[in-house]
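Only one structure is covered here, and it is reproduced in the block below.
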Amino acid sequence: MASTDTERQEPRSGPGAPDATSDQLAGLEAGLDALDTRTSERTPFGRTLLAKAVPPVVAIAIVLAVWQLAYHFKVKEHYLLPSPVDVARVIQDKWLEGTLHEFVWTSLSRGALGFLVSVAVGTPLGLIIARVKVVRAAIGPIMSGLQSLPSVAWVPAAIIWFGLSDATIYAVVLLGAVPSIANGLVAGVDQIPPLYLRAGRVVGARGINAVRHILLPAALPGYIAGLKQGWAFSWRSLMAAELIVKSGDLGVGLGQLLEQGRELQDMAWVLAAILLILIVGIAVELLVFSPLERWVLRNRGLLVKN
């Protein structure tokens, strides 16, 4: 009887006998195939567009409806709170005059140039702070403090240094954007697993090669976040500088347009300028930084296509 129980406990072999290991491997393979199939399935373009376009459109419609109701019930006098139609009419007039694109281009070109110079300065500065302990101890707290300092605080000093010139505007932009870019890169480098750096040294990646092939690629998510924040600070710094620095030789940007509306006490003009500043900022975010961030996350396997 004992021998019979022992025989029952022993695994059976032969062509018709079940193999537990094979069953487990088959189940695992089926699960992986299911995951691959689920990942490869894509949501129809119409549904994706609907999911992404409808929420902001609804939000904008609600804001406009509340704004129109506030105008209708005279929450503020009409000269203090114009209607959306009045603001749209100002934008239309500037467009028909042929000056609207000049205002937008002047500010956008300044912001882009200032941001690119900030990237050129902030990237090596961030790498030095992240990798050199003495520099980090000396400059790290200062960079964090500069990031929290309002950009408008630099405008009076920049005017004294450079006068009413483009140099003043770009100085304010640099002082506002460089700390954010450098701190973002430092945060990205701090999140790199030490194993990556040791593996790079083993294969001979040192100096510039280590920065190019290990540090920057591994720190890319944090670096992209720093670039986004750097652009936001750059754009805000530019508007602060344009509001104060006024000269006939500088041209008219969106900040100067906003200040002109204030001087004329034209609230529709002021709101139109604010709306244009907001639209340009959102457009740069959606057209430049959001696709770049999605590309980085997708390459890292952190963004699943639905």
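Quick grid of which residues meet (1) aromatic (F, W, Y); (2) more than 20 Å from L238 (Cα to Cα); (3) buried (at least 20 other Cβ atoms within 10 Å of the Cβ):
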| residue | (1), (2), (3) |
| --- | --- |
| G111 | no, no, yes |
| F115 | yes, no, yes |
| I139 | no, yes, no |
| L146 | no, no, no |
| P156 | no, no, no |
| I159 | no, no, no |
Of L113, L127, which residue is closer than 28 Å to A283 by Cα and of a type in the set (A, V, I, L, M, F, W, C)?
-> L113
Of (1) surrounded by fewer than 19 Cβ atoms within 10 Å (Cβ to Cβ); (2) over 18 Å from K228 (Cα atoms); (3) free of Cβ contacts under 8 Å to residues at least 40 places away in the same chain; (4) of a type outside the set (F, W, Y), A171 satisfies all except one. Which?
-> (1)
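Of all the residues that make up the range 101-135, how many are more than 25 Å from the chain's Cα centre (by Cα) and touching a residue at least 40 places away in the same chain (Cβ under 8 Å)? Reasoning before the result, please.
If we filter the range 101-135 for residues that are more than 25 Å from the chain's Cα centre (by Cα), which is where we start, we get 102, 132-135.
The next check asks that each one be touching a residue at least 40 places away in the same chain (Cβ under 8 Å); those that pass are 102.
Total meeting the criteria: 1.
Give the number of residues within the range 227-245 that are over 10 Å from A177 (Cβ atoms) and either in a helix (DSSP H, G or I) or of a type in the set (G, A, S) (or both). Talk me through it step by step, then tell me what you get.
Looking only at the range 227-245, we keep the residues that are over 10 Å from A177 (Cβ atoms), and these are 228, 239-245.
Right, trim to either in a helix (DSSP H, G or I) or of a type in the set (G, A, S) (or both) and you get 228, 239-244.
Total satisfying the criteria: 7.
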Contact list, first residue from the range 58-87 and touching a residue at least 24 places away in the same chain (Cβ under 8 Å) and on the phi < 0 side of the Ramachandran plot, second anywhere and outside any helix (DSSP H, G or I) and hydrophobic (A, V, I, L, M, F, W, C), beta-carbon distance below 7 Å, six or more apart or interchain, is L81/V75
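Quick note: the coordinates plus some simple rules give every number you see, no bench work behind them. What you are looking at is a predicted structure, and each value in this text was computed from that prediction instead of being measured. Neighbour counts run over all protein chains shown; Cβ positions are idealised from the backbone, glycine included.
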